[in-house]
1. Residue under question is residue 169, and the condition is that it be of a type in the set (Val, Ile, Thr), surrounded by 14 or more Cβ atoms within 10 Å (Cβ to Cβ), free of Cβ contacts under 8 Å to residues at least 40 places away in the same chain and within 29 Å of residue 194 (Cβ to Cβ); does it hold?
2. Return a yes/no flag: does segment 70-78 have any residue that is in a loop (DSSP other than H, G, I, E, B), without any contact (Cβ under 8 Å) to a residue 60 or more places away in the chain, open to solvent by less than 60 Å² (accessible area, probe 1.4 Å) and among the hydroxyl-bearing types (Ser, Thr, Tyr).
3. Please return the ranges of strands (runs of 3 or more DSSP E) entirely within segment 1-57 where 2 or more residues are among the aromatic types (Phe, Trp, Tyr) and closer than 20 Å to residue 251 by Cα.
4. Here is a list of conditions, (1) away from ligand 1 (no atom under 16 Å from the Cβ); (2) open to solvent by 10 Å² or more (accessible area, probe 1.4 Å), and residue 101 meets all of them except one; can you say which number that is?
5. Do you know which of the residues in segment 29-50 that are open to solvent by 10 Å² or more (accessible area, probe 1.4 Å) and more than 9 Å from ligand 2 (Cβ to nearest atom) is farthest from residue 180 (Cα to Cα)?
6. Determine whether residue 1 is loosely packed, with under 14 Cβ neighbours inside 10 Å and under 21 Å from residue 188 (Cβ atoms).
7. Specify which of the listed residues (154, 222, 198, 217) is touching a residue at least 12 places away in the same chain (Cβ under 8 Å), within 16 Å of ligand 2 (Cβ to nearest atom) and among the small types (Gly, Ala, Ser).
8. In segment 106-157, what count of residues is obtained for those that are crowded, with 20+ Cβ neighbours inside 10 Å, at pLDDT below 95 and more than 30 Å from residue 46 (Cβ to Cβ)?
Amino acid sequence: MSELRTIHCSKYYLKNGEPMGALDDATMQVGDGRFVSIIGPSGCGKSTLFNIIAGLTEPSSGHILLDEEEITGKSGRVGYMLQKDLLLPWRTILDNVIIGLELRGVAKKEARRRALPMLQKYGLKGFEYDHPDALSGGMRQRAGLIRTLLDDKAVILLDEPFGALDAQTRLQMQNWLLKIWSDFRKTVLFVTHDIDEAIYLSDEIIVFTHRPGRIKAQIDVALPRPRNEKTLMEERFLLLKRELLLMLREERSPCG
Ligand SMILES: Nc1ncnc2c1ncn2[C@@H]1O[C@H](COP(=O)(O)OP(=O)(O)OP(=O)(O)O)[C@@H](O)[C@H]1O
Ligand SMILES: [Mg+2]
């Protein structure tokens, strides 16, 4: 089992000596093997929440539970792909994806042995010994995700992994991610700004208000799987899209 819960998580940062709220009282549950997306305006605390879950930032109040065990402030308990792809330009793709294993003390040779079949099976065959600058944006994101998967955690956090990709590549990457998700049965928490993407991928969508982010709604995506391009045209898809668009519209700042 691998169920993630956040209990009344809030975060305040100090700005010019004054507390500034980034996240307000987030209580949510991501069930075992579920794919849950978070959408919400820029600056509403999505990455902050991920940093808290990953143990990189302490919440101002609240707790994180993984299978009922308190993991607040503990790092290394969930897989995390940060908003910015952090491939090291001087390392080959193979040596980039094994960084997590190396940090855990796995010998380089053994780490490479584990990583090679993953790269070959999931679309990076022939690029194992290239450096990141020789890859397309989509391929770099694949490498980032494979690195996260090699970390072998039951819960993974993906912060806008496809944000910088064009629409066509994005759809390919979404299908690729769904394939990986069904192969590995991970519990996934995913951040995106793209409503279509959130619906297409998810079992549930959590909508945040503008900063400080509060949970505005948690919505079930009752669309059958496997999903494909036709899903994007289904009436249920379009109705949900409209509902989410209206919710996000209410959260626009007066200047936006
Ligand atoms: N280390 C920090 N110190 C001070 N303020 C911070 C820090 N990290 C984030 N913030 C502030 O907290 C708020 C939430 O930031 P966060 O990065 O979590 O938003 P986000 O929802 O991920 O936005 P985006 O969609 O643009 O990625 C923002 O106002 C940001 O400026
Ligand atoms: Mg962010």
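The values are calculated or read from the model by the stated rules, or taken from the named source; none is laboratory data. In this text the structure is predicted, and so the values were computed from the model without any measurement. Reconstructed Cβ throughout: ideal geometry from the backbone, glycine too, with neighbour counts over all protein chains shown. Ligands, DNA and RNA are excluded from the accessible area calculation, which covers all protein heavy atoms including side chains. Shrake-Rupley method; radii C 1.70, N 1.55, O 1.52, S 1.80 Å.
1. Working: of a type in the set (Val, Ile, Thr): yes; surrounded by 14 or more Cβ atoms within 10 Å (Cβ to Cβ): yes; free of Cβ contacts under 8 Å to residues at least 40 places away in the same chain: yes; within 29 Å of residue 194 (Cβ to Cβ): yes.
In short, yes.
2. We begin by selecting, within segment 70-78, every residue in a loop (DSSP other than H, G, I, E, B); these are 71-78.
If we keep only those that are without any contact (Cβ under 8 Å) to a residue 60 or more places away in the chain as well, we get 71-76.
Then keep just the ones that are open to solvent by less than 60 Å² (accessible area, probe 1.4 Å); that gives 71-73, 76.
Those left that are additionally among the hydroxyl-bearing types (Ser, Thr, Tyr): 72.
Checking segment 70-78: at least one residue is in a loop (DSSP other than H, G, I, E, B), without any contact (Cβ under 8 Å) to a residue 60 or more places away in the chain, open to solvent by less than 60 Å² (accessible area, probe 1.4 Å) and among the hydroxyl-bearing types (Ser, Thr, Tyr).
3. Working: elements: 4-15, 18-30, 35-39.
So the answer is none; nothing clears 2.
4. Residue 101 satisfies every listed condition except (2).
5. Filtering segment 29-50 for residues that are open to solvent by 10 Å² or more (accessible area, probe 1.4 Å) and more than 9 Å from ligand 2 (Cβ to nearest atom), the one farthest from residue 180 (Cα to Cα) comes out as 41.
6. Numbers: loosely packed, with under 14 Cβ neighbours inside 10 Å: yes; under 21 Å from residue 188 (Cβ atoms): yes.
So residue 1 fits the description; yes.
7. Details: 154 fails: within 16 Å of ligand 2 (Cβ to nearest atom); 222 fails: within 16 Å of ligand 2 (Cβ to nearest atom); 217 fails: within 16 Å of ligand 2 (Cβ to nearest atom).
Residue meeting the stated conditions: 198.
8. 0
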